[in-house]
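Student: I have a structure here, written as structure tokens, and I will follow up with some questions on it.
The values are calculated or read from the model by the stated rules, or taken from the named source; none is laboratory data. Since we're looking at a predicted model, the values are computed, not measured. FYI the Cβ positions are ideal-geometry reconstructions off the backbone, even for glycines, and counts take in every protein chain you see. Protein only, heavy atoms only, side chains kept; ligands, DNA and RNA dropped before computing areas. Shrake-Rupley method; radii C 1.70, N 1.55, O 1.52, S 1.80 Å.
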Amino acid sequence: MERGSLGSVLRSDTAAELDWVKRVSIVKDVARALFYMHHDCVLPIVHRDITVRASPRIFTKGIARLLKPDSSNWTMLAGTRGYLAPELAYTMRVTTQCDAYSFGVVTLELLIGEYGEVLISILSSSPINDGFVKDVLDRRLLVPKGQVAD
């Protein structure tokens, strides 16, 4: 990101410059990177800290971990609060699904334009099942149309 982390861009006055095409592109790029790390490496790599607050690198040497097929893959709790899969906190077993959970949180943040406690507040006060997803999309942007909406 030109102005630092994705989180700093989302909370800035210039967040609207990150239009739907760019946001969808970010989601796709992170999904491709995670697919590569989880499925195409000889030993799967789990990132363990996918957030909007970090630098835009998908692979960091800090807490990324190789998954060994004949191991329980027990781990110390690592990652950013709010992005950790709940089952990781209970089982202390790291899996690729832990990254999938974090990826889902980041995707919601990109769609809604908020993160952290504000995101949780929006999601808990907006009954999406009774309304439409477009009702919780980032209001700084026009509702996506055409291929982007699809």
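Student: Take Arg53 and decide whether it is in contact with a Gly (Cβ under 6 Å, 6 or more places away or on another chain), at pLDDT below 75 and within 30 Å of Val143 (Cα to Cα).
Tutor: yes
Student: Take the residues of region 23-54 that are acidic (Asp, Glu) and under 18 Å from Thr107 (Cα atoms): which is surrounded by the fewest Cβ atoms within 10 Å (Cβ to Cβ)?
Tutor: Per the criteria, the residue is Asp29.
Student: A further question on this structure: Quick one: how many residues across region 101-135 are modelled with pLDDT of 90 or more and either more than 21 Å from Val9 (Cα to Cα) or not in a helix (DSSP H, G or I) (or both)?
Tutor: Residues in region 101-135 being modelled with pLDDT of 90 or more and either more than 21 Å from Val9 (Cα to Cα) or not in a helix (DSSP H, G or I) (or both): 0 in total.
Student: I'd like the full set of residues that are among the hydroxyl-bearing types (Ser, Thr, Tyr) and more than 10 Å from the chain's Cα centre (by Cα), limited to region 91-118.
Tutor: Thr91, Thr95, Thr96, Tyr115, listed by residue number.
Student: Also, quick follow-up: Cβ-Cβ distance below 9 Å, separation of 6 or more or different chains: which pairs start in region 100-124 with a residue that is free of Cβ contacts under 8 Å to residues at least 60 places away in the same chain and among the acidic types (Asp, Glu) and end on one that is open to solvent by 30 Å² or more (accessible area, probe 1.4 Å) and not in a helix (DSSP H, G or I)?
Tutor: Every condition considered, the pairs that remain are Glu117/Gly82.
Student: Which one is surrounded by the fewest Cβ atoms within 10 Å (Cβ to Cβ) among residues in region 86-100 that are at pLDDT 75 or above and assigned to a loop (DSSP other than H, G, I, E, B)?
Tutor: Thr95
Student: Going by the conditions given, is Ile63 more than 14 Å from the chain's Cα centre (by Cα), surrounded by 11 or more Cβ atoms within 10 Å (Cβ to Cβ), at pLDDT 70 or above and among the β-branched types (Val, Ile, Thr)?
Tutor: No.
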